[in-house]
Every structure is written in structure tokens, then in C-alpha cells.
Amino acid sequence: MKTINAQRLRAASAGFRALFYEELAGRTTIWPNLAMRIDSDSPEETYNWLTGFGQMREWVGDRVIRSLAAHGFTIRKKDWEYTISVHRDEILFDKLNLVRPRIQNMADLAARHRDQLVVDLLIGGFQNLCYDGQYFFDTDHPNAAGGVQSNRTNKQLTRESYEAAYAAMQSLRNDEGEPLEITPTHLVVPPQLRARALEIVKAERTGSGATNINRDSAEVMVLPRLAKAPTSWFLLDLSRPIKPFVVQIVKDLEFVGLENPEDHNVFMRKEYLYGVDCMDNAGYALWQLAYGSTGEAA
């Protein structure tokens, strides 16, 4: 007579958990390259960034204290989950090979979760505010040294617009009027612009046969989720400890199960429930490290 005893259920559950974490560890994610990880023990954190990057100065007289800016931004955690059901008969008749792909898929979705958060920040950067009260990608970020600075264009991705964006990032100054010395490291594009991006920064020669002066000036990063914004493209400086974005983690990804024989789902529907959940969110850090284009204008 077929029965699910405690030993068989524990073995199945342990196998599900081991498979999930094994698959999760084997996934490559891109968000650590784009964002700083901030571990938090609060529902929200407020970030008051320095007014500028600043620089070392000759110590004459008293130290000059770089005070925190009066403005800042708050990231509030969000709760996320993904849950599957495993029918009793799949365990009873040892059909775990049918469950395995669903556990693997759960791990894949969990691994891509924070990638999606950060890529959506890129897409939304033309409409969402950052710490200085301007859109993250904007043409009039205020500068304490006077005037405004831009990290936005609407130009399509061409050799000329790439060079203009590159020069604009390298020309940015801090609140003391000193160059920030930013050098873009990555050209980030949707799949639709992959070929054009590679032609701009990887080809030895231009279409006219001239030497390509932009060759190897940046790495091309193709993000499939950017397919939602097929004309947009971005230049990022990812070489610094501070990144353009923040991923704030309150509770890391955790595999959980509702598998007690007395649980309602088991009693009523003969289903064991397994899922992953976490508490986190992502937000904007320093606009100076990113330049974006909607790519809508010729």
C-alpha cells in the first residue's frame, strides 16, 4: 500500500531545497555590476548623499567637513514571492523528475529578480526622480558651483551621439567646480541595438574605412529586458565602489515550504506548496555615473 510517511516527505523536501539553492548558486546575475548592495534591518532606509564627489585637499588650517546634503531619497522594502504546488501523487509515486524542472525554474526566476529591478530603473530613469529632485536622466541637474549639468539626450545611437555622451560624462564637475574624472566603462543596450553598439566600440574601422577611434572605449552590455525600450541606450561608469544604483536587501532569497500533512492545502487539495520569498527593493544612487538616451530623435 502506497503511503507518504514522514521519512519520504522529509527526503523529498530536503531534495527540493538542495536543488533550489544549487541552481540559485549556479546562476550568473548582472545586478552586482550595476548596483551597490546595501543590507538593511529596517523597512526603509534614507540615503543622504554628499553634495559632490569631492577630492583630497592640502591640509591647511582646520579640516573641511563635507556635510551631508539636505536632500536625499528613501528606499522602502517590498515583499516578493513565487510559489508552486507539488501534488501528493508526485511524491507518492516517486515522480520527482517532474518536479525538478519547476524547482529549477523557480531558482532561475529568483536569480533574475534583482536584475529585473535594476534594469527597470534604467528604463524608468527618464521619468523617476533621484536624490537632487530631478529625473535621474535629465538635462538640468543643479550644480553648487553654478549652472546645470546634463546626463540625458534623445539621440539615436550613432557614432556621433556616442562620442557626445562620452565627452559629456568626462566633462562633469563636482560642486567645487573640479572635474569628476568620470570615464564610461559600459555601453548598455537592448538586443535591438546590439549590432550597432558592437560596430561603434569594437570595429577596427568605420564604414568609410577610417580608423575607429572609439574601439574598445567601452564594453558592450546587452540586457534582454531592455527590449521593452528598443531605442534606448546608456553609458555607465561601473569602475567605482559607488554604483549608479542601489539594491537594498532586508531579507535575502529563501526557499520555504508548506508541507505538513495537517496543513489546509494538503488536507483539501492534496498539494504541498513550495516557494521562494524575499524583502528588497532598488533605487537610484548617483546620476553622475550614468548617461541615458531614449533614442527617439534622429
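The values are calculated or read from the model by the stated rules, or taken from the named source; none is laboratory data. This structure is a prediction, so every number in the text was calculated from the model and none was measured. Cβ coordinates were reconstructed from backbone atoms using ideal geometry, including for glycine residues, and neighbour counts include every protein chain displayed. Quick note on the areas: whole protein, heavy atoms, side chains included, nothing else; ligands and nucleic acids left out. Shrake-Rupley method; radii C 1.70, N 1.55, O 1.52, S 1.80 Å.
I'd like to check something: does the range 91-112 contain any residue that is free of Cβ contacts under 8 Å to residues at least 24 places away in the same chain, of a type in the set (Asp, Glu) and outside any helix (DSSP H, G or I)? Even if it seems obvious, please write down each step before you answer.
Filtering the range 91-112 down to residues free of Cβ contacts under 8 Å to residues at least 24 places away in the same chain leaves 94-95, 97-98, 101-102, 105.
In the following step, the residues that additionally are of a type in the set (Asp, Glu) were identified as 94.
From the residues that got through so far, the ones that are outside any helix (DSSP H, G or I) too are 94.
Yes; the residues of the range 91-112 include at least one that is free of Cβ contacts under 8 Å to residues at least 24 places away in the same chain, of a type in the set (Asp, Glu) and outside any helix (DSSP H, G or I).
Filter the range 135-163 for residues that are small (Gly, Ala, Ser) and either open to solvent by 40 Å² or more (accessible area, probe 1.4 Å) or not in a helix (DSSP H, G or I) (or both) and give the result. Before the answer, list the steps.
We begin by selecting, within the range 135-163, every residue small (Gly, Ala, Ser); these are 144-147, 150, 161.
Ala144, Ala145, Gly146, Gly147, Ser150 - these are the residues of the range 135-163 that are small (Gly, Ala, Ser) and either open to solvent by 40 Å² or more (accessible area, probe 1.4 Å) or not in a helix (DSSP H, G or I) (or both).
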